[in-house]
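Nothing in this text is a laboratory measurement; each read-out follows from the coordinates by a stated rule. Bear in mind the structure is a predicted one, so any value in this text is a computation, not a measurement. A quick note on method: Cβ atoms are made from the backbone with ideal geometry, for glycine too, and the neighbour counts reach across all protein chains shown.
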Amino acid sequence: MSRIHPGAQSGRRDRRADIDPQDAPLKSPEQRENRFGFVNWMFRSRTTGRITLVQLPNWPLAAWVLASVVMWLGNPQGWVHAVLVVLAPVALALWAGDEVLRGVNPFRRLLGVVVVTYLGFSL
């Protein structure tokens, strides 16, 4: 037994049935703003209001990248290797700690927590 839409009995067609729920307009401005609310909350800078994933200059992170690349490509020996082995995780820990304490959005703070946790377990 098929159901007849109430508007179909009188020959009128209900236009709401043709709208895909994904494409339907939101009912209120609040709902429209909340549509991307999580993305805005997670990635929007609290100071500038812009979406922030990377900030420059980021000296501790640059020092970690440089030390890691030199260790990977250069294969240093002796005291240079010892300095780089200490410098790389210390620079990464400084960067992560700074992000946890002063990150401009929750994404940056969460990234800092993940890196600090990784460093803690890798000791």
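THR52 meets all of the listed conditions (1) β-branched (Val, Ile, Thr); (2) touching a residue at least 40 places away in the same chain (Cβ under 8 Å); (3) exposed (fewer than 10 other Cβ atoms within 10 Å of the Cβ) but one, namely (3).
Once the stretch 73-97 is narrowed to residues that are outside any helix (DSSP H, G or I) and not polar (S, T, N, Q), the residue that is surrounded by the fewest Cβ atoms within 10 Å (Cβ to Cβ) is GLY78. Given the condition surrounded by 15 or more Cβ atoms within 10 Å (Cβ to Cβ) and closer than 14 Å to GLU99 by Cα, answer yes or no: does some residue in the stretch 56-72 qualify? Yes; the residues of the stretch 56-72 include at least one that is surrounded by 15 or more Cβ atoms within 10 Å (Cβ to Cβ) and closer than 14 Å to GLU99 by Cα.
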